Amino acid sequence: MSLIILKFLHYLAIVFSGGSLVGVGLINSVFTKANKVPDINVGKVLKLLGYIGLISLIILWLTGMLLANIIYGGFSINSAFNVKILAAALLLILSFVVNIHMYNSSKNKTPPNKSIMKIATMSGRGLILIVLLGAAIAFN
Ligand code: HEM
């Protein structure tokens, strides 16, 4: 029963982390193409999506660590799993950095740095694809 709950939470967090990554990317690219800066309300949405992404990644780590311990007795599963958790760790760091950047820019009432946001979104997309591919190979 606890396995089902953990897996369910793991999958739910995947939906929310992926969803927030797609959302932030789309909003930023629409505003960048229009050469405009997100207004205060869109800024709030971006900040919320950032928090949702970070919380989902933390839930993915908590449930993932429990799943690995319960099902496989630890983290030595296979190399695809190593790649998966390495990419997941980078994603977590990236999400922390972006959230801190967005927090500081909203505190200073300046728009988030365009290049930081662009690089972060592109790396985030690449990393989440690596994590998913790693999961598909590790648990096939
Ligand atoms: C961005 C973060 C993550 C994503 C997108 C992700 C994605 C996935 C997916 C799609 C599966 C299903 C694979 C399957 O059952 O065939 C899965 C299962 C699993 N994940 Fe993650 N994961 C993430 C983070 C983590 C982390 C950080 C850990 C460990 C510390 C972890 C450990 C596991 C384990 C042990 C399973 C269960 C395998 C099984 O049912 O046999 N995951 N994950």
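Points to keep in mind about this one:
- Over 18 Å apart at the Cα level, from the set K7/K47; K47/K84; K33/K114, are K7/K47; K47/K84.
- Centroid-to-centroid separation of segment 2-39 and segment 84-108 [C-alpha atoms, Å]: 13
- Rounded FRET efficiency, nearest 0.05, which uses the C-beta distance separating F139 from S2 and R0 of 22 Å: 0.75
- Dimensionless Rg ratio for segment 2-138, taking C-alpha atoms and the 2.2 N^0.38 Å reference: 1.14
- Helical runs (DSSP H, four residues minimum) scored at -39500 (n - 2.57) apiece and divided by the length of the chain put the mean residue ellipticity at 222 nm at -30500 deg cm²/dmol.
Here, each number is a calculation from the coordinates, and none is a lab measurement. Source: prediction; values computed, not measured. Methodologically, a virtual Cβ is constructed for each residue, glycine included, from the backbone with ideal geometry; neighbour enumeration extends over all protein chains shown.
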